[in-house]
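Scroll down for the structure; my scribbles are underneath it.
The values are calculated or read from the model by the stated rules, or taken from the named source; none is laboratory data. None of these values were measured; they are calculated from a predicted model. Cβ sites come from the backbone with ideal geometry, for glycine too, and all protein chains shown count toward neighbours.
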Amino acid sequence: MKLMIVSDIHGSAYYCEKMLECYKKENADKLVVLGDVLYHGPRNDLPEEYAPKKVIEMLNNIKEELLCVRGNCDTEVDQMVLKFPIMADYALLYWNNRMIFVTHGHNHNLEKLPMLKKGDILLHGHTHIPVCEKAGEIYYINPGSVSIPKQNSEHSYIILDDEGIAIKHFLDCLLVCKYAGFKDGQKVIDVGTGAGFPGLVIAAACPFLKVTLLDSTGKKLKAVADIAEAFKMKVNAVSGHETDQSHRKNFKWVDMETLASESDIISFHCPLTEKTTGLVNKAFIDKCKDGAIIINTSRGPVVNDKDLADALNNGKLRGAGLDVLTVEPPKADNPLLSAKNCFITPHIAWAGFETRERLMNILEENVKAYLNGNPQNIVNK
């Protein structure tokens with residue numbers, strides 16, 4: 001079963017509609033709502049397009065697909081207009097041999113824990129801050145807020161399925177659509193696409209584009225191709241290790257020149273080697289379609305900063321999204337800092353909870369091995 005988990009809608013018709021669009025695209029089996037559905041609350045500013053009556057209509061239309069618990073802003077009056085139960089203080093779910101205690105968070109939280117055993121999961125909203133972490137012997141998960149995120153977090157939700165738990169920001173990837181001004185027939189290359197973000201989201205939001213996803217790792221490409229296939233996208237891919245993809249209808253291996261000339265969005269996910277250093281340079285950019293978009297979440301030196309900045313400023317490229325730079329933190333004179341339509345994030349694409357947890361586990365095991373006289377990964381003896 002696949003669940004989409006949200007919290008703290010607070011009567012925003014705008015974000016409720018966006019939430020339901022994501023729910024449809026995720027193809028989830030149930031939508032779990034962790035309370036605070038209609039009222040904005042006296043401590044919060046009004047969310048965008050505050051219209052509880054519209055929220056009521058949208059949610060009542062999918063009442064059979066909802067599982068909801070009561071938030072501190074939900075009342076008996078709200079229940080009178082909603083056609084699905086919202087007044088339960090908590091619910092219990094079972095997933096991968098773990099119990100999930102589902103609640104809003106104002107009564108049961110890390111400060112006031114319910115009865116949980118080792119390995120169980122406490123799932124609540126209320127704080128408007130997304131969290132996925134181990135807390136002692138249990139796990140604490142919070143999807144954040146749909147409409148009023150706090151502490152610089154994003155409008156977010158959680159997907160829980162047989163594969164695991166993922167916190168997703170359902171508007172981040174659409175920012176480029178808002179500012180890029182895409183036109184019918186343009187091509188985009190998502191360079192370093194990883195799991196397909198933002199390329200797949202852009203492709204879904206802008207079906208009139210031809211989006212190409214680029215990654216160097218076969219495993220990543222397989223994951224992206226699986227998702228892209230579900231969206232009925234055409235996938236052009238470049239990799240140093242091509243695998244058999246003959247079972248796919250809209251997939252083809254191409255060379256870099258073809259990739260550049262046919263793609264609207266190019267996303268790079270390659271390691272830094274002699275061959276990939278400066279891969280995105282003036283010669284490559286000149287082969288790209290006018291108005292293409294470059295995305296780099298791999299390594300900074302894969303891109304020639306000056307050549308990319310020049311292409312953005314002279315209009316050859318429509319935009320760029322960069323999670324990495326040649327020098328980090330960037331120097332004040334880095335031309336990309338002032339380039340047109342260049343969006344830079346501080347090297348955070350890697351920083352998912354699972355990655356950080358794995359790093360800490362590896363560190364712990366290495367320290368234990370050293371103390372036991374069996375050091376790992378010895379470089380010089």
Quick check, is Leu336 within 29 Å of Val235 (Cα to Cα), assigned to a helix (DSSP H, G or I) and touching a residue at least 24 places away in the same chain (Cβ under 8 Å)?
yes
Among the residues of the stretch 303-310, is any closer than 25 Å to Leu209 by Cβ, of a type outside the set (Asp, Glu) and assigned to a helix (DSSP H, G or I)?
yes
Return the pair list, or none, for Cβ contacts closer than 6 Å from residues in the stretch 1-22 that are surrounded by fewer than 17 Cβ atoms within 10 Å (Cβ to Cβ) to residues that are modelled with pLDDT under 90 and not in a loop (DSSP other than H, G, I, E, B), at least 6 apart or on different chains.
Lys2/Asp161
Lys134: passes all of (1) under 17 Å from Ile167 (Cβ atoms); (2) part of a loop (DSSP other than H, G, I, E, B); (3) of a type in the set (D, E, K, R) but (2)
Hey, Leu116 of a type in the set (A, V, I, L, M), surrounded by 18 or more Cβ atoms within 10 Å (Cβ to Cβ), outside any strand (DSSP E or B) and in the same structural domain as Ile159 (by TED's automatic domain parsing) or not
yes
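For the stretch 137-156, enumerate the residues that are among the small types (Gly, Ala, Ser) and either within 15 Å of Leu93 (Cβ to Cβ) or not in a loop (DSSP other than H, G, I, E, B) (or both). Lay out the reasoning, then the answer.
Restricting attention to the stretch 137-156, the residues satisfying the condition of being among the small types (Gly, Ala, Ser) are 144-145, 147, 153, 156.
Ser156 - this is the single residue of the stretch 137-156 that is among the small types (Gly, Ala, Ser) and either within 15 Å of Leu93 (Cβ to Cβ) or not in a loop (DSSP other than H, G, I, E, B) (or both).
Here's a check for you: in the stretch 232-282, which residue that is in contact (Cβ under 8 Å) with a residue 60 or more places away in the chain and among the hydroxyl-bearing types (Ser, Thr, Tyr) is surrounded by the fewest Cβ atoms within 10 Å (Cβ to Cβ)? Outline the logic, then answer.
Taking the stretch 232-282 first, the residues in contact (Cβ under 8 Å) with a residue 60 or more places away in the chain are 259-260, 262-270, 276, 280.
Among the residues that remain, those that are also among the hydroxyl-bearing types (Ser, Thr, Tyr) are: 263, 267, 276.
Details: Ser263: 30, Ser267: 31, Thr276: 18.
So, considering only residues that are in contact (Cβ under 8 Å) with a residue 60 or more places away in the chain and among the hydroxyl-bearing types (Ser, Thr, Tyr), the one surrounded by the fewest Cβ atoms within 10 Å (Cβ to Cβ) is Thr276.
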Report, by residue number, each residue of the stretch 263-280 that is within 24 Å of Lys252 (Cα to Cα), assigned to a loop (DSSP other than H, G, I, E, B), in contact with a strand residue (DSSP E or B) (Cβ under 9 Å, 6 or more places away or on another chain) and not aliphatic (A, V, I, L, M).
Ser263, His269, Cys270, Thr276
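Would you mention how many residues in the stretch 282-302 are more than 23 Å from Lys210 (Cβ to Cβ) and either over 25 Å from the mean Cα position of the chain (by Cα) or not in a helix (DSSP H, G or I) (or both)? Write out each step before concluding.
First pass over the stretch 282-302, keeping only residues more than 23 Å from Lys210 (Cβ to Cβ): 282, 299-301.
Subset that is either over 25 Å from the mean Cα position of the chain (by Cα) or not in a helix (DSSP H, G or I) (or both): 282, 299.
Number of matching residues: 2.
Any residue in the stretch 109-130 that is over 22 Å from Gly71 (Cα atoms) and of a type in the set (S, T, N, Q)? Quick ask: steps written out before the conclusion?
Initially, the stretch 109-130 is screened for residues over 22 Å from Gly71 (Cα atoms), giving 117-119.
This time we only want the ones that are of a type in the set (S, T, N, Q), so: none.
Looking through the stretch 109-130, none of the residues is over 22 Å from Gly71 (Cα atoms) and of a type in the set (S, T, N, Q).
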Among (1) charged (D, E, K, R); (2) under 26 Å from Tyr140 (Cα atoms); (3) not in a helix (DSSP H, G or I), which single condition is Lys18 missing?
(3)
For Ser261, indicate whether it is assigned by TED's automatic domain parsing to the domain that holds Lys316 and at pLDDT below 85.
no
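The rows are residues; the columns are (1) surrounded by 18 or more Cβ atoms within 10 Å (Cβ to Cβ); (2) among the small types (Gly, Ala, Ser); (3) within 24 Å of Asp29 (Cα to Cα); (4) within 26 Å of the chain's Cα centre (by Cα).
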{"position": "Lys83", "(1), (2), (3), (4)": "no, no, yes, no"}
{"position": "Ile86", "(1), (2), (3), (4)": "yes, no, yes, no"}
{"position": "Val102", "(1), (2), (3), (4)": "yes, no, yes, yes"}
{"position": "Asn109", "(1), (2), (3), (4)": "no, no, no, yes"}
{"position": "Ala135", "(1), (2), (3), (4)": "no, yes, no, yes"}
{"position": "Ser147", "(1), (2), (3), (4)": "yes, yes, yes, yes"}
{"position": "Leu160", "(1), (2), (3), (4)": "yes, no, yes, yes"}
{"position": "Glu163", "(1), (2), (3), (4)": "no, no, yes, yes"}
With the structure loaded, tell me whether Phe251 is over 22 Å from Arg318 (Cβ atoms), assigned by TED's automatic domain parsing to the domain that holds Ala320 and in contact with a helix residue (DSSP H, G or I) (Cβ under 9 Å, 6 or more places away or on another chain) or whether it fails that test.
yes
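Would you point out which residue out of Ala309, Ala260, Ala283, Ala332 is of a type in the set (A, V, I, L, M) and under 20 Å from Lys183 (Cβ atoms)? Write out each step before concluding.
Values: Ala309 fails: under 20 Å from Lys183 (Cβ atoms); Ala283 fails: under 20 Å from Lys183 (Cβ atoms); Ala332 fails: under 20 Å from Lys183 (Cβ atoms).
Of Ala309, Ala260, Ala283, Ala332, the one residue that is of a type in the set (A, V, I, L, M) and under 20 Å from Lys183 (Cβ atoms) is Ala260.
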Would a scan of the stretch 48-58 turn up a residue that is part of a loop (DSSP other than H, G, I, E, B) and in contact (Cβ under 8 Å) with a residue 60 or more places away in the chain?
yes
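Can you pull out the residues in the stretch 244-262 that are among the polar types (S, T, N, Q), closer than 21 Å to Val211 by Cβ and part of a loop (DSSP other than H, G, I, E, B)? Show your work before the answer.
From the stretch 244-262, those among the polar types (S, T, N, Q) are 245-246, 250, 258, 261; that's our starting set.
Keeping just the survivors that are closer than 21 Å to Val211 by Cβ gives 245, 250, 258, 261.
Of everything in the stretch 244-262, those that are among the polar types (S, T, N, Q), closer than 21 Å to Val211 by Cβ and part of a loop (DSSP other than H, G, I, E, B) turn out to be Gln245, Asn250.
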